[in-house]
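The values are calculated or read from the model by the stated rules, or taken from the named source; none is laboratory data. All values reported here derive from a predicted model rather than from experimental measurement. Cβ coordinates were reconstructed from backbone atoms using ideal geometry, including for glycine residues, and neighbour counts include every protein chain displayed. Please note that ligands, DNA and RNA were not included when accessible areas were found on the heavy atoms of the full protein model with its side chains. Shrake-Rupley method; radii C 1.70, N 1.55, O 1.52, S 1.80 Å.
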Amino acid sequence: LGEVASLGVHAVAAAREGAGSRHGVGEAVVQGLWFSVFCAGFALMLQPLISVYFPLLGVELGSEAFASGSAYLQGMLFGVLPLTASGVLDAGFKGIAELKPVLAVNLVCVSLNFVLDPLLMWGMFGLPKLGVVGAAVATNICSGLACLLSWRLLQKHGVPLKFVWPDLKVLRLITRIGAPISLGGVLFTGTYIALGRLLQSLGGANLAALGLGHRVEALAYTTSEGFGAAAATIVGQWLGAGSAQEARKAAMHAARSAATVMLPISILFSAAAPAIVGLVTSDVETAAAATSYLRIVSFAFPLMGVEHVMDGSLTGAGDTTPSLVWGLLLNTLRLPLAIGLSRYLGVRGVWVAIAATTMMKAIVKYRSFVRSSLPMLAEADEHEELEEVLAAES
C-alpha cells in the first residue's frame with residue numbers, strides 16, 4: 001500500500017527535476033506524505049484481518065507461531081505512517097538522483113535497529129521484555145528516525161518541504177502511477193500464499209526452502225531493484241526535460257546493463273548453490289530443496305534484471321498499467337503451471353514455473369515499454385505551463 005505513494009512520488013519528482021523545478025519536487029513529496037497519512041488510517045482498519053491471514057498460510061489458530069506472528073503484525077500496523085513516509089522521502093531523493101543520503105540514513109537506522117532489537121525483545125538494561133513485539137517497536141522507532149533525518153537532508157539538497165493541504169490533482173496522479181504496481185504486489189503476495197500451500201503438500205521442507213531461497217537470492221533481487229529505480233529516475237527526468245527519444249534510449253541502456261551485471265551473479269548462484277545454502281541451514285532435506293531452487297531460478301536472473309528495469313521505466317513514464325496487467329496474468333499462470341509441472345518434476349516443477357514466468361514477464365514488459373505513449377511527457381508539459389503562468393502572475 002505504501003508503494004502507491006513512493007512509486008508515484010518517484011515518477012512525479014523525477015519528471016519535475018528534469019523540468020528544473022525543485023519546487024515541484026517538494027510539492028510531490030508533501031502530497032506523498034499526505035498519502036502516507038491515509039495509508040496509516042487504512043492499515044489500522046485491517047487489524048481484524050490478522051486472525052484470517054495466518055490460517056491462509058496454514059498456521060493454526062492458537063499456536064505459538066500464530067500468537068507471535070499476530071503480536072508482531074499488531075505492533076507493525078502502528079508503524080505504517082513512519083514506514084510509508086520514509087519511503088516517500090526516499091522517493092524524493094530518487095527523483096533528484098541523490099542516493100547517498102538514503103544510504104547514510106539506512107545505515108544509521110539499520111544499525112540502530114540491530115541494537116534495539118535485543119534490548120526490547122529480551123528486556124536488557126532495565127527495559128521491558130516485549131518479546132517479538134520488541135522487534136516491531138524497534139522497527140517503528142527507526143522508521144520514525146529515518147523520516148526526521150530524510151526530511152532534514154532533503155531540504156539541505158534544495159527541495160522545499162512546506163505545509164500545504166492535500167491537492168487532489170497531484171494525489172490522483174501519484175495514485176494513477178503507483179496503484180497498478182502496488183496492486184500487482186498484493187496479487188503477487190496472494191500467488192505465493194497459494195504456492196506455499198502447494199509446497200506444503202509436497203513436503204514441509206519445501207516451504208522452508210522457498211523462504212530460505214528468497215533470503216539468499218535477495219542479493220540478485222536487490223541488484224535488479226537498483227537498476228529499476230535508476231531507470232525510473234532517468235526516464236522520468238528525460239521526459240520532464242521533454243525528450244522522449246533520450247528516455248527510450250536510457251531505458252534500453254539500463255536493461256542491457258542490468259542483464260550484463262546479473263549474468264555473473266546467475267552463474268555464481270548456480271555453480272555455488274550447495275555451498276551458499278550450506279551457510280544458512282544444516283537440515284539435509286531443506287538444503288536439497290533450496291539448492292535445486294537456486295540452480296533453477298538463477299537461470300532467470302538476467303531477465304529478472306530486465307523485468308525490473310522495464311517496471312522502473314514504465315513507472316518513470318507514468319504508464320504502470322502494463323506492469324499490473326502482465327504481472328497479474330503471468331503471476332496467476334504461475335500457480336496452475338506449478339501444479340502441472342509438479343506432477344512430473346516434483347518440487348522442481350514449482351521452481352521451473354517461477355523461473356519461466358519471470359522470463360516471460362521480462363519479455364512482455366519490454367514490449368510494453370517500447371509501445372508506451374509515455375504519459376508523463378504530457379504531464380510534464382502541463383506542469384511546465386502551470387509554472388510559467390504562476391511565475392508570470394507573481
Counting only backbone N atoms under 20 Å from a point 7 Å out along Cα-to-Cβ of Asp117, the residues of the range 50-75 in range are 65-75
Working note, the range 82-170: Cα radius of gyration (Å, one decimal) and Dmax (Å, whole number) are 15.7, 50
Note: the range 193-234 at 4 °C, 1.567 mPa s; Kirkwood Rh on alpha carbon pairs; Stokes-Einstein D in µm²/s works out to 109 µm²/s
Expressed in angstrom and rounded, the centroid-to-centroid distance over alpha carbons for the range 1-52 and the range 85-130 is 19 Å
Given 278-285, 126-133, the highest-first ranking by average Cβ count within 10 Å works out to 126-133, 278-285
For the range 327-367, the accessible surface attributable to carbon and sulfur atoms (probe 1.4 angstrom, ligands and nucleic acids excluded) amounts in percent to 70 percent
Pseudo-spin-label distance Val325 to Arg197, built 7 Å along Cα→Cβ, given in nm, is 2.9 nm
Taking only the alpha carbons of the chain, the radius of gyration and the largest Cα-Cα distance, Dmax, both in angstrom, are 21.9, 73
Among the Cα-Cα pairs of the range 121-213, the proportion with separation greater than 15 Å, in percent, is 80 percent
Within the chain, the cysteines whose Cβ lies no closer than 4.7 Å to any other cysteine Cβ are Cys39, Cys147
Hits in the range 115-156: amide N under 11 Å from the 7 Å Cα→Cβ extension of Gln74, namely 133
Surpassing 24 Å at the alpha-carbon level, of the pairs Lys100/Lys129; Lys100/Lys169; Lys162/Lys249; Lys94/Lys249; Lys100/Lys156; Lys249/Lys365, are Lys100/Lys129; Lys100/Lys169; Lys162/Lys249
accessible surface per residue for the range 48-200, probe 1.4 Å, DNA/RNA/ligands not counted, whole Å² -> 54 Å²
For the chain, the dipole about the Cα centre with charges only on Cβ (Lys and Arg +1, Asp and Glu -1), to the nearest 20 debye, works out at 800 debye
The size of the Cβ-based charge dipole (Lys, Arg +1; Asp, Glu -1) of the range 126-180 about the Cα centre, to the nearest 20 debye, is 140 debye
Shape descriptors of the range 231-335 over alpha-carbon atoms, Rg and Dmax in angstrom, are 17.6, 57
Ranking Leu341, Ala71, Gly240 by how far each Cα lies towards the positive end of the charge dipole of the chain (+1 on Lys and Arg Cβ, -1 on Asp and Glu Cβ), the top one is Leu341
Computed, not fitted: 222 nm per-residue ellipticity of the chain from DSSP H runs ≥ 4 (each -39500 (n - 2.57)), nearest 500, equal to -28500 deg cm²/dmol
Loop-resident trypsin sites (Lys or Arg not before Pro) in the range 138-179 with no more than 16 other Cβ atoms inside 10 Å, DSSP not H/G/I/E/B, are Lys162
Rounded to whole angstrom, the alpha-carbon centroid of the range 237-263 lies from that of the range 205-230 at a distance of 24 Å
Ranking Tyr366, Tyr344, Tyr293 from most to least accessible area with a 1.4 Å probe gives Tyr344, Tyr366, Tyr293
Semi-axes (Å, rounded, descending) of the ellipsoid equivalent to the range 167-255 per its C-alpha gyration tensor are 36, 19, 9
Each label sits 7 Å from Cα toward the beta-carbon; between Leu263 and Asp167 the label points are separated, in nm, by 4.5 nm
